[in-house]
Each structure stands twice: as structure tokens, then as C-alpha cells.
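Notes follow the structure.
The values are calculated or read from the model by the stated rules, or taken from the named source; none is laboratory data. What you see is a predicted model, and the numbers here were worked out from it, not measured in a lab. Cβ placement follows ideal geometry from the backbone for every residue including glycine, while neighbour counts extend to all protein chains displayed.
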Amino acid sequence: MKKQLFILISILFYGCQEQPKIPISNTLEIALGNKYSTYVCKLNKAFKKDTTALLDFFKINYINDGAGYDHGFILFQLMKVYGDREFSNTLQKTTESELSDLRQYFEVGIDANDKYKDEMKKEYPNSSDILQIE
């Protein structure tokens, strides 16, 4: 009986977890560990064009190694949601340290595909300038 109750509670708990609005790779999910739920909550609020949540999402700087590539690509996807003007306006509200972290995440997030780098420079020139993406 205890085992069945545990299974039911587990299904309810995991079934009710908020799903990310932008897909998260397994690599990033594993790297986030116990921070996964917080990350998804921040991501989903930012996805709904809550600029305060986007600023909070910009402060994430604890993702390393291969997961950093995936986080950078999620930032790129958020930029597409906001558009250049709104995204660059929000970038201007970050500290120099946060901007440096964001620059690194963006560079690795779009580095694997030149198409994304070209798209960023062409479609998001203000954000590219602020991030100093070359």
C-alpha cells in the first residue's frame, strides 16, 4: 500500500511540474539538478515577456560546460521572442558582470551554427552591439 501511495504522489508531483516554454536539453536539465524547477519558472515568466523576469533570467551564471551551450541557445530563443528593441533595452539594464556572462553564453550558444550568428547580427543588431557579438 505504501509503495502504491508513493507512486501516486510521485506521478502527481512530476505531472504537475511546469513544463518549459522553450525546450530544455537533457544535458541542461541534468546540469541544473535541483535548480531545474526554479530555472523553468524563470524561463517561463521571461517567455511571457515579463522583462523583470528576463532580467532575473539574465543573472543565471552557474551553468557550465556543455550545458552552457544549451543555456546560451535558450537566451537566443528568448531574444527572438522579445525582438531586438525590447531585448536590447533590457540588456542595457544589466551590470557589466552580467553582460559579460551573457556574452559568453550567447557566443557558445550560437557558435555551433554560423546561420544563427549571421541571423543575430542581421536581425538583432542592437542586441549584438551591446553583447559585442562579432
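Descriptive notes on the structure:
- Here the helices (runs of 4 or more DSSP H) wholly within segment 33-134 that include at least 1 residues being of a type in the set (G, A, S) and touching a Ser or Thr at 6+ places or on another chain (Cβ under 6 Å) are 66-82, 84-91, 125-131.
- Output for segment 98-119, where each listed residue is touching a residue at least 24 places away in the same chain (Cβ under 8 Å) and either more than 21 Å from G66 (Cα to Cα) or β-branched (V, I, T) (or both): V108, I110
- The set of residues from segment 120-132 being more than 22 Å from T95 (Cα to Cα) and without any contact (Cβ under 8 Å) to a residue 12 or more places away in the chain comprises just one member, K122.
- Any hit, segment 107-129, residues being among the acidic types (D, E) and either buried (at least 19 other Cβ atoms within 10 Å of the Cβ) or touching a strand residue (DSSP E or B) at 6+ places or on another chain (Cβ under 8 Å) (or both): no
- Test: N34 is at pLDDT below 90 and polar (S, T, N, Q): no
- Residue count, segment 50-108 (criterion: under 13 Å from Y39 (Cα atoms) and over 14 Å from the mean Cα position of the chain (by Cα)): 0
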